[in-house]
Amino acid sequence: MKSFWRKTILLLSLIIIASAEVSLAQQTLRDVDFSGQFFFSYEYDVYDEYETNEFAIKRGYITFKDDLNEQLSIRFTQDITIDQQGDGAGDIELRLKYALLSYSIEDFGIFTSPNIEAGVVHRPWINFEQDVNDYRSQKSMILDQNNIISSADFGVQFETGIGKELDDKQQKGLSTNPATYGSIALGVYNGGGYSSLEQNNNKVVEGRATVRPMPNRIPGFQASVLGAFGKGNIPESPDFHLLGSALTYESERINLVLQGFQSKGDAAGDFVDLNSGKPYRLDGWSSFIGVQPFQHPVHLTFRYDELYNKDLNHLVVKQWVTGLAYVFNNRSKIIADISQENRITISEQSTFTRFEVVLEVRF
């Protein structure tokens, strides 16, 4: 009889403990902000001598965010992509895009909502550009696509707004920092990007300064300067210097980006003379426009890029992409687009045209 009561009490205790753990887990999950973004596509590619077509997952992001206290928060973003090389080609890979602690600082002087990120963090320019050009599902941004700078990296970043926030009416259609007079971002990084190993002992410093010259009349218009200084991420550590500028405009119906830059080398260490080890000098520019011409949420997009090697005196990349998109309330999209890319190396030139349908799902 005693054995029966011991077993009964033990069983009840286990049930109570398990119930408490489930309740705690449910409460923890309710406290964590969970979101995702996936790019599914059908691609029909026409090359010089052959054609291909496939269904694909172009990219996928799953993000967890949680506020640890009033000032400290954590973000964890997984990057889902397809392995394109080696024995694992075709496998679905899961990588870290962001894994960071963010510390919010009290406003001081004209600086508002300053914060510091540490870990695998944002980098100043690509993060800002993608807030204006919300069509990453078509192509990554020109500097990211050509491995000149990355969108995320291991390091530390500081960002702040300049002036108080714009009022709610002025903020309509804006996705970048809503401070009245602009924003500043500055960081120190490994340099090669979040998907690369550190190949040397050098670090890259990257910064962006953005001003909003007419906040009351045209709050969506901003002018930016951007720069990076360090070494290319290869053991030889070639120089890498980048300086650029951009004009951007955001609104509910029209988004624009016009940027130009000059670079000596690149963060990845790709644009280097193999014989001398010296970095190539590059010029590049990119333009983007997204327009909603009618009340219906149908958008037209067009982007054009050029990257020029001054030392070899030829274009490295020339590409354009144009699309028709239906945009849902949460910024999910269905996009039909056409793009063409001409890429030139020392030994060959390749061209391909892509006809594509993209389903961008956000949740």
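The table below gives the values:
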item	result
Answer from D305, D266 - the residue that is in contact with a helix residue (DSSP H, G or I) (Cβ under 6 Å, 6 or more places away or on another chain) and over 19 Å from E360 (Cβ atoms)	D305
Selection status of G173, of a type in the set (G, A, S), buried (at least 19 other Cβ atoms within 10 Å of the Cβ) and on the phi > 0 side of the Ramachandran plot	no
Count of residues meeting criterion [assigned to a strand (DSSP E or B) and within 22 Å of N329 (Cα to Cα)] in the range 289-304	8
Residue in the range 283-297 that is in contact with a Ser or Thr (Cβ under 8 Å, 6 or more places away or on another chain), modelled with pLDDT of 95 or more and of a type in the set (S, T, N, Q) present	no
Among (1) under 25 Å from the mean Cα position of the chain (by Cα); (2) modelled with pLDDT under 95; (3) surrounded by fewer than 14 Cβ atoms within 10 Å (Cβ to Cβ); (4) within 30 Å of G244 (Cα to Cα) - the single one F352 does not satisfy	(3)
Subset of the range 97-106 (residues that are crowded, with 16+ Cβ neighbours inside 10 Å and either polar (S, T, N, Q) or touching a residue at least 40 places away in the same chain (Cβ under 8 Å) (or both))	K97, Y98, S102
For I346: the one exception among (1) open to solvent by less than 80 Å² (accessible area, probe 1.4 Å); (2) within 30 Å of D266 (Cβ to Cβ)	(1)
Checklist (1) open to solvent by less than 10 Å² (accessible area, probe 1.4 Å); (2) more than 21 Å from N313 (Cβ to Cβ); (3) touching a residue at least 60 places away in the same chain (Cβ under 8 Å) applied to D266, failing item	(2)
Filter result (surrounded by fewer than 22 Cβ atoms within 10 Å (Cβ to Cβ) and modelled with pLDDT of 95 or more) within the range 188-202	V188
K164 vs. criteria out of contact with any Gly (no Cβ under 9 Å at 6 or more places or on another chain), within 19 Å of F111 (Cβ to Cβ) and basic (K, R)	yes
Flag if G155 is open to solvent by 10 Å² or more (accessible area, probe 1.4 Å) and more than 29 Å from L247 (Cα to Cα)	no
Hits in the range 326-344 - residues which are under 20 Å from the mean Cα position of the chain (by Cα) and in contact (Cβ under 8 Å) with a residue 60 or more places away in the chain	R331, K333, I335
Failed criterion for E54 (all others in (1) modelled with pLDDT under 90; (2) within 25 Å of the chain's Cα centre (by Cα); (3) open to solvent by 50 Å² or more (accessible area, probe 1.4 Å) hold)	(1)
Candidate set from the range 270-321 (those that are charged (D, E, K, R) and open to solvent by less than 40 Å² (accessible area, probe 1.4 Å)); member that is nearest to G232 (Cα to Cα)	D305
Where a residue in the range 312-325 is in a strand (DSSP E or B) and its partner, wherever it lies, is among the basic types (K, R) and open to solvent by less than 50 Å² (accessible area, probe 1.4 Å), with Cβ under 6 Å and at least six apart	V321/K139; V321/R303; A325/K333
Those residues of the range 197-231 which are of a type in the set (V, I, T) and more than 20 Å from the chain's Cα centre (by Cα), in sequence order	V211, I218
Condition met for A185 (under 21 Å from R75 (Cα atoms) and open to solvent by less than 30 Å² (accessible area, probe 1.4 Å))	yes
Looking only at the range 322-341, and only at residues there that are in contact with a Lys or Arg (Cβ under 7 Å, 6 or more places away or on another chain) and open to solvent by less than 30 Å² (accessible area, probe 1.4 Å), the one that is nearest to N309 (Cα to Cα)	S339
Unique residue being farther than 26 Å from L282 by Cβ, surrounded by fewer than 21 Cβ atoms within 10 Å (Cβ to Cβ) and either at pLDDT below 95 or charged (D, E, K, R) (or both) when the list is G109, G163	G109
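The values are calculated or read from the model by the stated rules, or taken from the named source; none is laboratory data. On a predicted model such as this, the values are computed, not experimentally measured, just so you know. Counting neighbours? That spans all protein chains shown, and the Cβs are built from the backbone with ideal geometry, glycine included. Surface areas here come from the heavy atoms of the whole protein model, side chains and all, with no ligands, DNA or RNA. Shrake-Rupley method; radii C 1.70, N 1.55, O 1.52, S 1.80 Å.
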